[in-house]
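The values are calculated or read from the model by the stated rules, or taken from the named source; none is laboratory data. A quick note: this is a predicted structure, and the numbers were derived from the prediction, not measured. All Cβ positions, glycine included, derive from the backbone under ideal geometry; neighbour counts span all protein chains shown.
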Amino acid sequence: MSTTEIPTRQQLVQQARDLVPLLRSRSDWHTEHRGLHEETIEALADAGVFRLRVPARYGGYEADTRTLVDVATELGRGDGASAWVASVYWIPGWMVGMFPDAVQDEIYSTPNVRICGTLSPSATAKQTNDGIVVNGKWGFISGARHAHWQEIIAILIPEQGEPYPVMGLVPLSDLQIVDDWHTVGLHGTGSVSTLAQDVFIPQERVMPMNMVQDGQTASPRNARIPLFNTKLQPVAAASSVGAILGMAKAAQENFLERLPHRRITYTAYESAREAPVTHLQVAEATLKIEQAEFHAYRVADAVDSKCQDGTPWKLEERARARVDVGAVSELSIKAVDVLAAASGGSSIYRTVPIQQILHDLQALNLHSLINAATAVELYGRVLCGLETNTPYI
């Protein structure tokens, strides 16, 4: 156990920005191999990306949420898959902070430890004298191949009483990886499935799901750290938006880089930059990216504010956190769609990243906790004074 000098937000963002050329050079490899390159993982580790949500006593940076957004945005400018996997690691990494100190001692004994996970209770568990035994399968486990641990959700079926969801921490070596990640988007995230067959989890690595969702840490030390004193769902929401925003900015940069050298075929425009239609398209896309940035920072600042002052989350505020993520996703897709449509036939070649970025964003928008339509409906229900129809808020 140790402490470390914590870099400033500016330093962490610059370290992520310095990775952009490497990440761009690896993006095609990630897509082709359906996962991140080992050198990418090492570079992210060297830049401190995996320490952002780790307590300082274990050499972590205890970064606030706005820092996560800024770092993930830079990573997303380089490669969407890398940014998404890093963001996904941050969420279960925060959940580890809800567990007892002895559990954290074990998990954080691995330098740059990486924890993948899910919020889907697609497994069952039975109680034993000293823990639970889990059977089931979890899908969409981004970064599983490079993770040391997985956070799992299972429905515990007690001998008496009603079943209820629990969260557990399992070494990846105890699980089987199912190589089923064959998709039209987000290839590089390596979001395979994992399988548990009679996997034992000791009781100290099991917590009721509702405690984690409510941010009720079982760690006396973490109870004094602001970032661990808030609810799970807003934390997860705010952890996701930077990667999405970064992808949109990557598409914008790619479009503007190609623009002076690309003519509009079958017209008199020798450069698409001269055409009024291009001016309208660039302005429309840029405005949407700026709007997405507003929502990304609004949810990040809301989480940081709640962590610092300890005020309870109102239901409307929690629904707004969900809708902010949906807005970032929807606005980013619309922006990149405009730019992709304006990129001409030459943009369909693999050497031009804008179409892949669009497919990646479309895939992300299908995520149940990111989908814009679902989030807007939920926000509207709350605004109309109705009960929510989901525990994920």
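Quick one: would you say ARG298 is part of a helix (DSSP H, G or I) and in contact with an Asp or Glu (Cβ under 6 Å, 6 or more places away or on another chain)? Break it down stepwise before answering.
Details: part of a helix (DSSP H, G or I): yes; in contact with an Asp or Glu (Cβ under 6 Å, 6 or more places away or on another chain): yes.
Yes, satisfied.
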Within the bounds of segment 13-26, is there any residue that is at pLDDT 95 or above, out of contact with any strand residue (DSSP E or B) (no Cβ under 8 Å at 6 or more places or on another chain) and under 25 Å from SER219 (Cβ atoms)? no
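Just wondering, is there one or more residues in segment 75-97 that are surrounded by fewer than 21 Cβ atoms within 10 Å (Cβ to Cβ) and in contact with a helix residue (DSSP H, G or I) (Cβ under 9 Å, 6 or more places away or on another chain)?
Quick first cut of segment 75-97, residues surrounded by fewer than 21 Cβ atoms within 10 Å (Cβ to Cβ) only: none.
No: zero hits.
When you go through GLU293, GLU270 one by one, which is the residue that is surrounded by 19 or more Cβ atoms within 10 Å (Cβ to Cβ) and free of Cβ contacts under 8 Å to residues at least 60 places away in the same chain?
Working: GLU270 fails: surrounded by 19 or more Cβ atoms within 10 Å (Cβ to Cβ).
Of GLU293, GLU270, the one residue that is surrounded by 19 or more Cβ atoms within 10 Å (Cβ to Cβ) and free of Cβ contacts under 8 Å to residues at least 60 places away in the same chain is GLU293.
Residues of segment 267-281 being of a type in the set (A, V, I, L, M) and more than 14 Å from PHE255 (Cβ to Cβ), which ones?
ALA268
Quick grid of which residues meet (1) surrounded by 17 or more Cβ atoms within 10 Å (Cβ to Cβ); (2) at pLDDT 95 or above; (3) within 20 Å of SER239 (Cα to Cα):
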site: VAL323; (1), (2), (3): yes, yes, yes
site: SER329; (1), (2), (3): yes, yes, yes
site: THR351; (1), (2), (3): no, no, no
site: LEU364; (1), (2), (3): yes, yes, yes
site: ILE370; (1), (2), (3): yes, yes, yes
site: LEU386; (1), (2), (3): no, yes, no
site: ILE393; (1), (2), (3): yes, no, yes
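Each row is one residue, and each column tells you yes or no for (1) within 14 Å of the chain's Cα centre (by Cα); (2) among the hydrophobic types (A, V, I, L, M, F, W, C); (3) more than 30 Å from TYR269 (Cα to Cα); (4) assigned to a helix (DSSP H, G or I).
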position: ALA327; (1), (2), (3), (4): no, yes, yes, yes
position: LYS334; (1), (2), (3), (4): no, no, no, yes
position: ASP337; (1), (2), (3), (4): no, no, no, yes
position: ARG350; (1), (2), (3), (4): no, no, no, no
position: GLN356; (1), (2), (3), (4): no, no, no, yes
position: GLN362; (1), (2), (3), (4): no, no, yes, yes
position: LEU369; (1), (2), (3), (4): yes, yes, yes, no
position: THR374; (1), (2), (3), (4): no, no, yes, yes
position: GLY380; (1), (2), (3), (4): no, no, yes, yes
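Give GLY215, GLY136, GLY185 a once-over and let me know the one that is at positive phi and assigned to a loop (DSSP other than H, G, I, E, B).
On the way: GLY136 fails: assigned to a loop (DSSP other than H, G, I, E, B); GLY185 fails: at positive phi.
GLY215 is the lone residue from the list that is at positive phi and assigned to a loop (DSSP other than H, G, I, E, B).
Quick one: which helices (runs of 4 or more DSSP H) lie wholly within segment 32-118 and hold at least 3 residues that are closer than 23 Å to GLU204 by Cβ and modelled with pLDDT of 95 or more?
Working: elements: 38-46, 65-78, 80-96, 101-107.
Correct list: 80-96, 101-107.
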